[in-house]
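The values are calculated or read from the model by the stated rules, or taken from the named source; none is laboratory data. All of these numbers come straight from a predicted model, not from anything done at the bench. Heads up, the Cβs are rebuilt from the backbone with ideal geometry, glycines too, and the neighbour counts pull from every protein chain shown. Side chains are part of the model used for accessible areas, which takes the heavy atoms of the whole protein and leaves out ligands, DNA and RNA. Shrake-Rupley method; radii C 1.70, N 1.55, O 1.52, S 1.80 Å.
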Amino acid sequence: MLLIGLAGTDIAETERAWLTAPGVAGVILFARNFASRDQLIALTESIRTVGGEHLLVAVDQEGGPVQRFREGFTRLPALSKIGAAYDRDPEDAIRLAEEHAWVMSSELRASGVDFSFAPVVDLARGNAAIGPRAFHADPAVAGELAAAYVRGMHLGGMAAVLKHFPGHGSVAADTHKAQAIDPRSLDEIRAADLRPFVEALDAHAEAVMMAHVVYPAVDAQPAGYSRVWIDEILRGELGFAGLVISDDISMAAAGVAGSVTGRVQGHLAAGCDLVLACFPNVVDEAIAALPALSPAAAERMSALRGALGASWDGLLDNPQRDRFVARITALDAEDHA
């Protein structure tokens, strides 16, 4: 199944057919789709009016450099700020991770968005694309904070999507722009990058997003195209029974599979349940590439549907939210003290 991108702040006439196409599970939104909170709520309602109540609406609302909705939403600090707080006070940082997740998820749920692709579980080891998006360089710390973040998302009524499996943080290249190759052995990856994923999976994360990174000591294919990583390691060795999601098929590192058709079918053949087609220019071909849809595939998507959330008025009237917002936004204020 597909999660597709739309062009603007409302649904174009040509996009209406996409939303009703068999195999389209929903929409991933970006800053280009956002003008205001009221407009966002209207857009999420329109998506479901056109395509059906089953459609999912998702976004990347991590905080720091990756926060698609800003005006009218809490300005979320990067996850690295929580990792730095852990070095000062571990117990307080765990609470901050839960609070950050709750604020993020409750605001999105009040806006009609089902889930954010969060948390980033990669290690903070210098990757160009990850940077401050990761909690920490230490696998044990990253795992503890990621598990706390999953708990906070659940309290906010949102499923968690761990990314980018099996770890994008320990290789230098940015897969948006180039192929990334991590030459380490599986034992080395198990001892480092996989550890925080294991902890976050134990916290009952519902989904995992695959990295477009190649780990040639394990498989010649990028992880999102690899049955070794998905079937043998993620599902077999780690026992994960949830949803597996590809990263965006328009990224440069996804190009090893060739055409848009090859990318969609390659991810599905490897065991991905959901494929991201984030840019409108690839959506027609991506839809045409889908095989016949089984009812079971559509049913699996329900795990990503958000729980009933509070309204914005309800959030604004919640003293607990005020406390959480004050605590997490203070992490950014410390830089300017």
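Restricting attention to the range 22-50, and to residues there that are within 25 Å of SER294 (Cβ to Cβ) and at pLDDT 95 or above, which single residue is surrounded by the most Cβ atoms within 10 Å (Cβ to Cβ)? The qualifying residue surrounded by the most Cβ atoms within 10 Å (Cβ to Cβ) is VAL27. For GLY63, the requirement of being on the phi > 0 side of the Ramachandran plot, open to solvent by less than 10 Å² (accessible area, probe 1.4 Å), in contact (Cβ under 8 Å) with a residue 24 or more places away in the chain and not charged (D, E, K, R) is met. Look at ALA93 and say whether it is open to solvent by less than 30 Å² (accessible area, probe 1.4 Å), in contact with a helix residue (DSSP H, G or I) (Cβ under 8 Å, 6 or more places away or on another chain) and in a strand (DSSP E or B). No: the conditions fail for ALA93. Within the range 31-73, the set of residues being part of a loop (DSSP other than H, G, I, E, B), more than 24 Å from ALA326 (Cβ to Cβ) and acidic (Asp, Glu) comprises GLU53, ASP60. Only one of the numbered conditions (1) touching a strand residue (DSSP E or B) at 6+ places or on another chain (Cβ under 6 Å); (2) assigned to a helix (DSSP H, G or I); (3) surrounded by 23 or more Cβ atoms within 10 Å (Cβ to Cβ); (4) of a type outside the set (Asp, Glu) is violated by LEU76, and that is (2).
Going through (1) in contact with a Leu (Cβ under 7 Å, 6 or more places away or on another chain); (2) over 18 Å from ARG327 (Cβ atoms); (3) among the polar types (S, T, N, Q) one by one, ASN127 falls short only on (1). When the range 1-21 is filtered for residues that are part of a helix (DSSP H, G or I) and either free of Cβ contacts under 8 Å to residues at least 40 places away in the same chain or surrounded by 22 or more Cβ atoms within 10 Å (Cβ to Cβ) (or both), the ones remaining, listed by number, are GLU13, THR14, ARG16, ALA17, TRP18, LEU19. Residues of the range 157-173 that are in contact with a Leu (Cβ under 9 Å, 6 or more places away or on another chain) and more than 20 Å from ILE245 (Cβ to Cβ): SER170 alone. In the condition set (1) among the polar types (S, T, N, Q); (2) exposed (fewer than 13 other Cβ atoms within 10 Å of the Cβ); (3) under 30 Å from GLY72 (Cα atoms), SER294 is compliant with all but (3).
The residues of the range 274-289 that are farther than 28 Å from ALA128 by Cβ and open to solvent by 30 Å² or more (accessible area, probe 1.4 Å), listed by number, are ASP284, GLU285, ILE287, ALA288. The residue that is nearest to the chain's Cα centre (by Cα), counting only those in the range 264-273 that are buried (at least 22 other Cβ atoms within 10 Å of the Cβ) and within 15 Å of MET209 (Cβ to Cβ), is CYS272. Scanning the range 297-334 for residues that are open to solvent by 20 Å² or more (accessible area, probe 1.4 Å) and closer than 30 Å to GLY224 by Cα returns ALA297, ALA298, GLU299, ARG300, SER302, ALA303, ARG305, ALA307.
Being among the hydrophobic types (A, V, I, L, M, F, W, C), closer than 27 Å to GLY64 by Cβ and either modelled with pLDDT of 90 or more or part of a helix (DSSP H, G or I) (or both): is that true of LEU268 here?
Values: among the hydrophobic types (A, V, I, L, M, F, W, C): yes; closer than 27 Å to GLY64 by Cβ: no; either modelled with pLDDT of 90 or more or part of a helix (DSSP H, G or I) (or both): yes.
No, not satisfied.
Checking each residue in the range 171-195 for being farther than 17 Å from GLU232 by Cβ, within 19 Å of the chain's Cα centre (by Cα) and open to solvent by less than 40 Å² (accessible area, probe 1.4 Å) picks out ASP174, THR175.
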